[in-house]
Amino acid sequence: MTRFLSLLLSAVLALTLAACTPEDSSSSQKTSSSASTSQEEQQPVDIPFALAAYPSYSFHPVLAENRANLTLAPLLYEPLFEIDASFQATPVLCQNYFASADMLSWTFLLRSGVTFSDGTPLTGQIVADCLNLARQAGSRYASRLADVSAVTGDEGSVTITLSRPNGSLPALLDIPIAYGSGDRPLGTGPYLLSGQDEQLSLTARTGWWQNKSLPAQEIPLVAVEKSDDLLSAFSAGDISLVDVDLMGTNALGYSGSYETWDYATTDLLYLGFNTRSGIGQNASVRLALARAIDRDSIVQVDFARHAVATTLPIHPDSSLYQASLSEALSYSPEGLTETLDNLRLSNRPIKLLVNSENAAKVAAAQRIAYQLEAAGLQVSLSKLPFEDYLAALTERNFDLYVGEVVLTADFDLSALLSSSGSLNYGAWQDAQFDALLTAFRSAQGEARSTAAASMLTYLNQQVPIAPICFKNGSVLTQWGRLSGLDPVRGNVFHHLEGWIIQ
């Protein structure tokens, strides 16, 4: 991770925000930003390490929707598994597990000696109740658990039954386990939520089973009610850390002197094709179009390096990623010109859709349009509000579209590319791919890597979509206040025991 001079990064951010809405082409980095370079503002101030909280919103780790409150969840709650930087599931509350031969029934054995903050022992029934809550409508985990048909628990284990086989079910179980009802249920994590109304704090608990050292025994929570409160509190240094999507729609514009720690996510940006009509019907044309995308420029300029370029729908940090297959789709704009000439498609008019509400995606779409026009196509770029954009996708009123999807950590492509996928707007129907996807979903260990290679090889031949990049999440911290951060998707406090608060 590198630090950039504050004025330099401020200039880059200014240019970015003028043309788009957020790491180096690698998935982890640290940078700095500052609204001022005065010596006075660079002096350390004697304020405690503090985090933001919205007291009027729920803190429930499964039902809450407020991002700041959800950021606190890993300090209060723990999952059966945690997803590391390479998207591998690491056991936390789970001690061991095994699956049936058909990958439809999984049993998870829980760690002994784990208690919630009030001393209540962790049991399989409590875990089952929490996972069943996570399956219900209104939970942010409902879609990932759609294939779960039953969850049962006893004293020391949990059994999950699936309607479709999944050899990587643990990768879906980084769901915080909470005990009790209401907006402030109990957790097994290192801290407990103390106080009432706007006088809240996180207090290190006794009896935490991991017994790791913590950087602070108490963390004050600064009460905020709206986005402007959060911005001003962070800019003033009252809040030490925020977790943000710098390239998200309506992303907040943070100021002040801060450092940026990026982490990899499963948020994929891609170019989709209408495979039922127009030039997208031809696989060779789709391949040529995919190779005409200058992904590095999109990542470095349009996404201000808060993304990682990819030609495959699996993150480059994942062990399932196939570098040799990625190279097969590397940037080669000359191939599109040749393909268009050979098929007599030069000067063909095409319609490219993009959601107008996200400036980064609009900038990426504009760059793609320029590249395709340079190859000989006439591109009409249609920038639409989200509802109109979604309607156009549903009606297949497009040739190409810039899309975004948040994949699960097992990189299941069912919704996006299966014949019955709810996000398969290009209407690609392919029985051979469906079989390869089923084999990938069902496999474990080395067999899973082999199945992934077979599936990706076929996708490289058919190219139903053209992956562009995986976005990064970002942790902003007050300049010089923190070191040792190692954020991962879903837990910016990963390896908290290694933090140093200045």
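Could you check how many residues of the stretch 395-433 are assigned to a loop (DSSP other than H, G, I, E, B) and among the aromatic types (Phe, Trp, Tyr)?
Count: 4.
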Legend entry - Any chance SER194 is in contact with a strand residue (DSSP E or B) (Cβ under 8 Å, 6 or more places away or on another chain), of a type in the set (Gly, Ala, Ser), closer than 19 Å to ARG67 by Cα and in the same structural domain as LEU63 (by TED's automatic domain parsing): no
Inset, instruction - Would you be able to tell me the number of residues in the stretch 423-464 that are charged (D, E, K, R), farther than 15 Å from ILE314 by Cα and surrounded by 17 or more Cβ atoms within 10 Å (Cβ to Cβ)? - result: 1
Inset, instruction - Could you list, in sequence order, all residues of the stretch 291-324 that are modelled with pLDDT of 95 or more and not in a loop (DSSP other than H, G, I, E, B)? - result: ARG295, ASP296, SER297, ILE298, VAL299, GLN300, VAL301, ASP302, ALA307, VAL308, ALA309
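Is there a residue being more than 16 Å from SER139 (Cβ to Cβ) and either under 17 Å from the mean Cα position of the chain (by Cα) or crowded, with 19+ Cβ neighbours inside 10 Å (or both) anywhere in the stretch 96-105?
yes
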Inset, instruction - For the stretch 155-174, indicate whether the set of residues that are farther than 29 Å from ASP412 by Cα, of a type outside the set (Phe, Trp, Tyr) and in the same structural domain as SER58 (by TED's automatic domain parsing) is non-empty. - result: yes
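Per-residue answers, yes or no, for (1) of a type outside the set (D, E, K, R); (2) surrounded by 20 or more Cβ atoms within 10 Å (Cβ to Cβ); (3) in contact with a helix residue (DSSP H, G or I) (Cβ under 9 Å, 6 or more places away or on another chain); (4) over 27 Å from GLY473 (Cβ atoms):
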{"residue": "ALA309", "(1), (2), (3), (4)": "yes, yes, yes, no"}
{"residue": "PRO313", "(1), (2), (3), (4)": "yes, yes, yes, no"}
{"residue": "SER332", "(1), (2), (3), (4)": "yes, no, yes, yes"}
{"residue": "LYS351", "(1), (2), (3), (4)": "no, no, yes, yes"}
{"residue": "ASN355", "(1), (2), (3), (4)": "yes, yes, yes, no"}
{"residue": "GLU387", "(1), (2), (3), (4)": "no, no, no, no"}
{"residue": "THR394", "(1), (2), (3), (4)": "yes, no, no, yes"}
{"residue": "PHE398", "(1), (2), (3), (4)": "yes, yes, yes, yes"}
{"residue": "ALA409", "(1), (2), (3), (4)": "yes, yes, yes, no"}
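Condition check ((1) within 20 Å of ARG276 (Cα to Cα); (2) at pLDDT below 95) across all residues:
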residue: GLU373; (1), (2): no, yes
residue: LYS383; (1), (2): no, no
residue: ARG396; (1), (2): yes, no
residue: VAL402; (1), (2): yes, no
residue: PHE411; (1), (2): no, no
residue: GLY426; (1), (2): yes, no
residue: PHE433; (1), (2): yes, no
Inset, instruction - Of the conditions (1) farther than 18 Å from PHE81 by Cβ; (2) of a type outside the set (Asp, Glu); (3) out of contact with any Gly (no Cβ under 8 Å at 6 or more places or on another chain), LEU186 clears all except one; give me its number. - result: (3)
Inset, instruction - Tally the residues that are surrounded by fewer than 23 Cβ atoms within 10 Å (Cβ to Cβ) and aliphatic (A, V, I, L, M), restricting the search to the stretch 248-266. - result: 2
Inset, instruction - Evaluate the stretch 137-157: report whether one residue or more is of a type in the set (Lys, Arg), in a loop (DSSP other than H, G, I, E, B) and crowded, with 21+ Cβ neighbours inside 10 Å. - result: yes
Legend entry - Matching entry among PRO170, PRO176 (being buried (at least 17 other Cβ atoms within 10 Å of the Cβ), under 24 Å from the mean Cα position of the chain (by Cα), farther than 22 Å from ARG448 by Cβ and not hydrophobic (A, V, I, L, M, F, W, C)): PRO176
Legend entry - Tabulated pairs, the stretch 62-74, first closer than 20 Å to SER227 by Cβ and assigned by TED's automatic domain parsing to the domain that holds GLY138, second part of a helix (DSSP H, G or I) and at pLDDT 95 or above, C-beta under 7 angstrom, 6+ apart or interchain: ALA64/LEU70
Inset, instruction - For residues that are outside any strand (DSSP E or B) and not small (Gly, Ala, Ser), tally how many sit in the stretch 104-131. - result: 14
Inset, instruction - Determine, yes or no, whether LEU269 is modelled with pLDDT of 95 or more and surrounded by 24 or more Cβ atoms within 10 Å (Cβ to Cβ). - result: yes
Inset, instruction - Please enumerate the residues belonging to the stretch 225-247 that are surrounded by 16 or more Cβ atoms within 10 Å (Cβ to Cβ) and part of a loop (DSSP other than H, G, I, E, B). - result: GLY237, ASP238, ILE239, SER240, ASP245, LEU246, MET247
Legend entry - Per-region count, the stretch 180-224, residues farther than 30 Å from CYS94 by Cβ and part of a loop (DSSP other than H, G, I, E, B): 3
Legend entry - Unique match (being of a type in the set (A, V, I, L, M, F, W, C), touching a His at 6+ places or on another chain (Cβ under 8 Å), at pLDDT 80 or above and within 29 Å of LEU202 (Cβ to Cβ)) among PHE81, PHE87, PHE49: PHE87
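The values are calculated or read from the model by the stated rules, or taken from the named source; none is laboratory data. Here the structure is a predicted model, which means the values were calculated and not measured. Ideal geometry is used to build each Cβ from the backbone, glycine not excepted, and the neighbour counts take in all protein chains shown.
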